[in-house]
Amino acid sequence: MKSKLFIFVVVSFILAGVFQYDYDSHINYFSEKNIFVTLPKGKTLEILSFGFKNFVADMIFIWSIQFYSNYSLMNRFEYVEDIYNIITDLNPEYKAPYYVGSWIMALELNDYKMAIRLLQKASKNLNNEWDFDFESGYYAFKYLKDYKLAEKYYRKAAGKPGAPSFVKRWQAHTVYMEDNLTYAFKMWLEIERGAKNKLEKNSALNHLYQIKFEIDKNNLEKKVELFNQRFKKRPYNLEALKRKGILYIIPKDFNGDDYIYDFKTGKIKAKKVFRWKKFS
């Protein structure tokens, strides 16, 4: 064991010397302190670690935090993905580098796709953890505005052991943002029926109200336009659609109240308006 440790220390000093020499030969410390050295790939470092790969991963991770905290260094993000891939190749189950690396990529570099790649590597290596998929979904939803991709990651997260109930709500809301209203309504109905507290139930009810309104609004306004084309005027009220056989039933909102119809514009409104929604 001692001989292994001795060999490891010697090799580490040799590698440090090689890296320093390479760094010194490319950098003018006083004028362009701005470029990072290239490390060997994770598999190479694993061989060179002589069984101490987790220790090497720790050391590189600690160094990376210090390095990426130095705002005086230009181009410090040039190798950020390589660095955190090396660390997580050496120790695939080391959670902290996935979190920290993705935060640096997303919040400092603003490269959300890169952050998602690292988080999905974590999801693959730690496939019982829900939070990596959830965070991937958040970046896709919030910054990429790719609701289909976000829904995919939220769905993955919701299917993992121990995923909290709010993950399913995020997934359902993302389906709604995709304008898949029928599926979103079904999901929120399931959430409402399985709600364990008032917050969950009210959130589900608000979504159900909004989604039903959008479905009914689209249908009613199409029928109003059909009436206008057929009779060269808009119906004075929604009951006229029923009298003329264009609609058999005039839908009501989720609470059972009548919709508000504007004869002049042919538009439909609901009594409640949720400003936190995409629709107003």
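Bear in mind these aren't lab numbers, they're just calculated from the coordinates by the rules spelled out. On a predicted model such as this, the values are computed, not experimentally measured, just so you know. Neighbour counts run over all protein chains shown; Cβ positions are idealised from the backbone, glycine included.
General observations
- Neighbourhood charge, 14 Å Cβ-Cβ cut-off, centred on Trp63 and excluding it, Lys, Arg +1 and Asp, Glu -1: -1
- With θ taken as phi - 60° and the Karplus curve 6.51 cos²θ - 1.76 cosθ + 1.60 applied, the whole-hertz 3J(HN,Hα) list for the stretch 262-268 is 9, 4, 5, 9, x, 9, 10 Hz, x standing for glycine and proline.
- Over 23 Å apart at the Cα level, from the set Lys152/Lys252; Lys121/Lys201; Lys113/Lys145; Lys121/Lys145, are Lys152/Lys252; Lys121/Lys201.
- Of the trypsin sites (Lys or Arg not before Pro) found in the stretch 85-162, those in coil by DSSP whose Cβ has at most 12 other Cβ atoms within 10 Å are Lys145.
- Inter-centroid distance (Cα atoms) of the stretch 75-97 relative to the stretch 139-174, Å: 25
- Seen through its C-alpha gyration tensor, with square-root eigenvalues sorted a ≥ b ≥ c, the stretch 179-280 comes out prolate because a/c lies at 1.5 or above while a/b is bigger than b/c.
- Label-to-label distance for Lys196 and Lys222 is 4.0 nm, based on points extended 7 Å past Cα in the beta-carbon direction.
- Taking all Cα pairs closer than 8 Å and separated by 6 or more residues, the relative contact order of the stretch 71-180 comes to 18 percent.
- FRET efficiency, Lys271 to Tyr143 (Cβ-Cβ, R0 51 Å, nearest 0.05): 0.90
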